[in-house]
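Since the structure comes first, as structure tokens, the remarks are kept for the end.
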Protein chains: 6
Amino acid sequence: MSKSNKTSKAAVKPLMAKSAKAQSALRPIKGGKPAPAKPAPKPVAPTLKAASAKPAPAPADDSPIIALNLPAAKLNPAMAAYFKKCQDKLGFVPNVLVAYAFDNAKLEAFVAMYNDLMLGDSGLSKLEREMIAVAVSSQNRCYYCLTAHGAAVRQYSGNPLLGEHMVMNYRVARLNRRQRAMLDFAVKLTASPWSVEEADRERLRRAGFTDRDIWDISAVAGFFNMSNRVAAATDMRPNTVYNGQAR
Amino acid sequence: MSKSNKTSKAAVKPLMAKSAKAQSALRPIKGGKPAPAKPAPKPVAPTLKAASAKPAPAPADDSPIIALNLPAAKLNPAMAAYFKKCQDKLGFVPNVLVAYAFDNAKLEAFVAMYNDLMLGDSGLSKLEREMIAVAVSSQNRCYYCLTAHGAAVRQYSGNPLLGEHMVMNYRVARLNRRQRAMLDFAVKLTASPWSVEEADRERLRRAGFTDRDIWDISAVAGFFNMSNRVAAATDMRPNTVYNGQAR
Amino acid sequence: MSKSNKTSKAAVKPLMAKSAKAQSALRPIKGGKPAPAKPAPKPVAPTLKAASAKPAPAPADDSPIIALNLPAAKLNPAMAAYFKKCQDKLGFVPNVLVAYAFDNAKLEAFVAMYNDLMLGDSGLSKLEREMIAVAVSSQNRCYYCLTAHGAAVRQYSGNPLLGEHMVMNYRVARLNRRQRAMLDFAVKLTASPWSVEEADRERLRRAGFTDRDIWDISAVAGFFNMSNRVAAATDMRPNTVYNGQAR
Amino acid sequence: MSKSNKTSKAAVKPLMAKSAKAQSALRPIKGGKPAPAKPAPKPVAPTLKAASAKPAPAPADDSPIIALNLPAAKLNPAMAAYFKKCQDKLGFVPNVLVAYAFDNAKLEAFVAMYNDLMLGDSGLSKLEREMIAVAVSSQNRCYYCLTAHGAAVRQYSGNPLLGEHMVMNYRVARLNRRQRAMLDFAVKLTASPWSVEEADRERLRRAGFTDRDIWDISAVAGFFNMSNRVAAATDMRPNTVYNGQAR
Amino acid sequence: MSKSNKTSKAAVKPLMAKSAKAQSALRPIKGGKPAPAKPAPKPVAPTLKAASAKPAPAPADDSPIIALNLPAAKLNPAMAAYFKKCQDKLGFVPNVLVAYAFDNAKLEAFVAMYNDLMLGDSGLSKLEREMIAVAVSSQNRCYYCLTAHGAAVRQYSGNPLLGEHMVMNYRVARLNRRQRAMLDFAVKLTASPWSVEEADRERLRRAGFTDRDIWDISAVAGFFNMSNRVAAATDMRPNTVYNGQAR
Amino acid sequence: MSKSNKTSKAAVKPLMAKSAKAQSALRPIKGGKPAPAKPAPKPVAPTLKAASAKPAPAPADDSPIIALNLPAAKLNPAMAAYFKKCQDKLGFVPNVLVAYAFDNAKLEAFVAMYNDLMLGDSGLSKLEREMIAVAVSSQNRCYYCLTAHGAAVRQYSGNPLLGEHMVMNYRVARLNRRQRAMLDFAVKLTASPWSVEEADRERLRRAGFTDRDIWDISAVAGFFNMSNRVAAATDMRPNTVYNGQAR
């Protein structure tokens, strides 16, 4: 059986195996045991993509993954193990990881920050963090993040339309006061960071958020303002598999 | 040795290796003598600041450091050592580190990414990376980053006016074509990330940048779009000592 | 038979002639079986929705269809017939029609203009007109039109990702020069109509468009600038069935 | 007689019924004598203009009417009659009608929607609808609509300065609370439709508007967001006669 | 006689020397007969207005002239003479002068700068300077300046429509390359002064402007960016007489 | 002695009367000894600059002072005396004066307005006027004015950080309610003058400002909106000496 056949199966399997809850866009293996150190496959983008089973006349939407020519580095053992877990659990390695894989230090720093922010302890639920991710990415019109994290909102919430609301205009979602205040803050912080002041923080406190929560809202919004720009600058393309998830 | 030990070493190493000239905003030793090696104090904000020696009637501009009430965590050994090195070499711990010090994981992730981006290997000089930092922060009108990284531009360049140019309007600096193209890209990516396309990357290539350089420009610009927003959201205040540096 | 009778028929005819593939947002039958020919129900919104089969604890996303309390008028015979055809062919009446159904004159004027623009003769393909609809609606962040016409782009093109490109950021789509020029014009006309000049029209001509095509691009872009605002002003909600179509 | 026959008549009827005062931009008869009933000329732009009596060295401001080369169609009987009425009553055919006259279906759809919105029954006075038209067109800086509908505001109100206020900056007009709320809504809907929410509708209700009125405000604002863009895209020029009306 | 005496005379002189055609917004005599030489009234706003002859139920559009309560100062002899000349030649004192008349020093400084810029020697014709004034004021949507200087454009050019073009959207005017470049520069300088660079100056030079001309374009554009804001901040109202001039 | 003689003296007098602390950007003597009274040189830019003592390989940041080639005029006696006083008291002539020195009338008008606004009687302190100058110039990103007037804020306030706050983002300064309201008004007037209305003036009144104060806030904000644009249009460069002042 060819590699790409396997990939393609893998792309489907995790969806079936995964619980309804444990899915972020990077689909966050948390805590878990590192995979045993077996030789990691060379992280070449095409072999990791789900949609490459049959020869197609047109290249897949995510081929190449980015518009920069950056030869893949040899993954260090930690990152090789991480990629393997993605492959095992999700059936694919998210393209953003493949994009960073030209340099182990950059990849590790990105993964560490991402996992802490999106999967670590927080007063915000994982869904709420993904909602921030998508509302921010909508403000910045980031194709990669809207696609990958829009899928995560659909999955975490079990509500496909909520994902669409976040992508299109978060104001149309029928949110409770807490979540609306959270997104208003995140989007204002994205659009005009210079104008955020104590009154904005007070609004969050009145909506029930602690100071630690305010940090987390800010940090997640900040992180996606970074990622949106790295993605835009490099024309980063999301794995095509996201599109069909949890519709 | 654990994974996180390794990471943390990597994060700290560049600091030790750098010459008196190679200083980023997180480590702006100027010519000067390191502070005498006294036992690192408990990382409570006030005790870490250089300018707090004598009791002042009005609170210092950076007191409190942020507008959120986040009790300091006990630093883990790696981060405690890192703070001590800052204190020894710079005479102070940059406030952004103190701000993140309520949580070791967040602090470590921030330090790792920062040090890789701003001090790691790159086709961009450290000065160029600081120029991007300030031009982006000017677009976002970020008090913390303009202050800390404006000082870094003054120090690295030995040209106090260049720091002011980056703070006020990078277009007034008399830059070579390479640096102008670099900043145009970074600022466009900041202001309207959705509009960055292949033509923009091509402009960088024609100005002499490699694809790896383009990644680095994008990653630094992205990083400060994150940091600007964390700083804005929390009213983060720069150490007052920056203001007088390298004028 | 009078001229105006003919007009009214013409407005409806395209619906009947269209193949299963040639579907606009107002008539998105996909493969499926027409609903059985039962007597057309009184055009009250809930009874017309496809997705309202089982009682749900929470109201559907499109209930109510708009945030204004406008009692449904008695449809005149032409409009009643038109609604019945929608129901028969699509299995539902698009919510925008239900929204306008408080007044026959307004409904008829809307339908006549819509059908002429989106289904009438043109040098632009129906897909191209839907692409303009979605790119314009993305600029205006219109939930209703992005949903309904995003589905139409997916259906007409057979390319689910093209629909997402139009919704998220049309610049990421790999378009030919003609279609890119078309969307650049439509989005500029949306964002800053005062700045459109002869040079913009010349760019379209150089991309192969005739003057009549330029009219059609402008008229479709104009129409959705109208519809986006009526939808935004009334919180118009798309039929939930669109979300799953042609993914 | 069928309903649709009636519709088509209805589109024309208001023109005939209106008094010398009740004039919209599409029918600005000013006191004056109708042109003598001569056979309606073929709808070629120049022959329809009022101001083209004597040969001028420079072309008139509205020659050509649009920057697209679209040969005039043969008007169908309904539209020919409508043009003749314009000529008889106003002394000219508004250029927007001449612009649409390359295609009877488009012309009829435009006329039907225009007449329903601007002349049909509504809780908004005709003056109020024209005020919305001009305030929206000012936001979009549309030469055609500012000229034609600015004249209508002057005529309906008998207050030349009110027309100028709407053209230049509606905020300087000394309006009652109702009209100010109406224009604030229309202009917000024009500038940032995505941000219009229930609070905006509530503000209108508190200012005395019914839900049907809110629809009408939205529909008129929407319509001119369309027309402004068709005019901008085609460089549509207003009949020069408007400029002198009701100063 | 001292230099400053001369300056003060110079500020007034152009008014006296100008022919019936050479009129700026501050002195728009149209063909007409000067008002009979009656003793100049005390410069209280109402008595200076041309249109206040008969008692009206509603206050005039320019009553009060500004929304600040600033008691008129006693004009010094130079300014009293200047007001008298305005009254004699124009039949009214422009409201902006009345607005500044609470303080002789401010009034004199304004008059001196205005007269030098708009009436002094320049490579720009007086019409061109007025065109800049109106195009800038349109960008800033300034009711006072659009009204007063729109009238000046109509008068200087003898082309009422040119005034409307400048007010509504200068891009619709059919200008020669020189004048179009001039207005493009002035409007860019108004909208985003930080982005004006050598390439913009070069564009003016290529259109035939000298460096001195570039100064004048900039100074006039700058002056109206000041005046627009003083007018907006104080709700300054133009003399109602402007509206009917040179239509 | 005539009134205008007095005016002209008044323009110069404040300079002579001011203490070492009361310095505006046009006269920033810092503690230091006035330059020895040598004969005032011909006002050619290079000879007037403080920092040009030794031949430098690279041209100074302010050489040339502007990007337009405008030969210096022979200063008239009043202006020559004024330049001499600047040289004596400040040790340099501010570059903006040198820039205007190609034409005595323009120079005098500028000086008269500047001195009245920034040094004349007002309910606003000189520091407050300089704060407005810098906050406005920050909105417009004007290198010249941020540098020269940022130095003035540092000097007048004795608080170097206040100068940085005004340059970078006035919202981070810990101001009393009065000063915050003042800057909010000035910056709104700068960014969107069309939107300033009675509610904005009322906010100033509630913060303790008189109507005359409101005029002064508006006039200073207006003046720097002019100066920012003249500086931007000409690439005006501040004297390099400002940079080191009052840090």
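The values are calculated or read from the model by the stated rules, or taken from the named source; none is laboratory data. Note that this is a predicted model, so its numbers are computed, not measured. Quick reminder, even Gly has a Cβ in these numbers, built from the backbone with ideal geometry, and neighbours come from all protein chains shown. Accessible surface is based on the protein model in full, side chains and every heavy atom, while ligands, DNA and RNA are left aside. Shrake-Rupley method; radii C 1.70, N 1.55, O 1.52, S 1.80 Å.
Here are the numbers:
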read-out: Averaged over C:158-168, number of beta-carbon atoms from partner chains that fall within 10 Å; value: 5
read-out: Region C:86-180 - percent relative contact order, Cα under 8 Å, separation 6 or more; value: 18 percent
read-out: Calculated diffusion of region D:148-221, Stokes-Einstein form, Kirkwood radius summed over Cα pairs, 37 °C and 0.692 mPa s, µm²/s; value: 253 µm²/s
read-out: Around B:V167: net Lys/Arg minus Asp/Glu count, Cβ-Cβ under 13 Å; value: +2
read-out: Heavy-atom surface of region A:52-165, accessible at 1.4 Å and reported per residue (Å²); value: 31 Å²
read-out: Descending semi-axes in whole angstrom, ellipsoid equivalent of region D:89-206, from the Cα gyration tensor; value: 25, 18, 14
read-out: Loss of accessible area when E meets F, both sides summed, Å² nearest 100, probe 1.4 Å; value: 4500 Å²
read-out: Two-site FRET efficiency, A:E202 against D:S125, from Cβ-Cβ distance with R₀ of 35 Å, rounded to 0.05; value: 0.20
read-out: Cα convex hull of region A:157-196 - mean projected area over all directions, nm²; value: 3.0 nm²
read-out: Listed peptides E:65-77, E:204-216, C:142-154 by packing density, highest first (mean Cβ within 10 Å); value: C:142-154, E:204-216, E:65-77
read-out: FRET efficiency, E:A80 to F:A81 (Cβ-Cβ, R0 41 Å, nearest 0.05); value: 0.90
read-out: Environment charge of C:K106, counting only residues whose C-beta is closer than 10 Å and scoring Lys/Arg +1, Asp/Glu -1; value: -4
read-out: Whichever aspartates and glutamates have a C-alpha closer than 13 Å to that of D:K126, once near sequence neighbours (fewer than 8 apart) are set aside; value: D:D116, D:D213, D:D216
read-out: Inter-chain shielding of D:111-119 (mean C-beta neighbours from other protein chains, 10 Å cut-off); value: 3
read-out: Reach of D:K84 by Cα under 16 Å, taken over aspartates and glutamates that are not fewer than 8 positions away in the same chain; value: D:E108
read-out: Estimated distance in nm for a label pair at D:R247 and D:A73, the labels positioned 7 Å out from Cα along Cα-to-Cβ; value: 3.8 nm
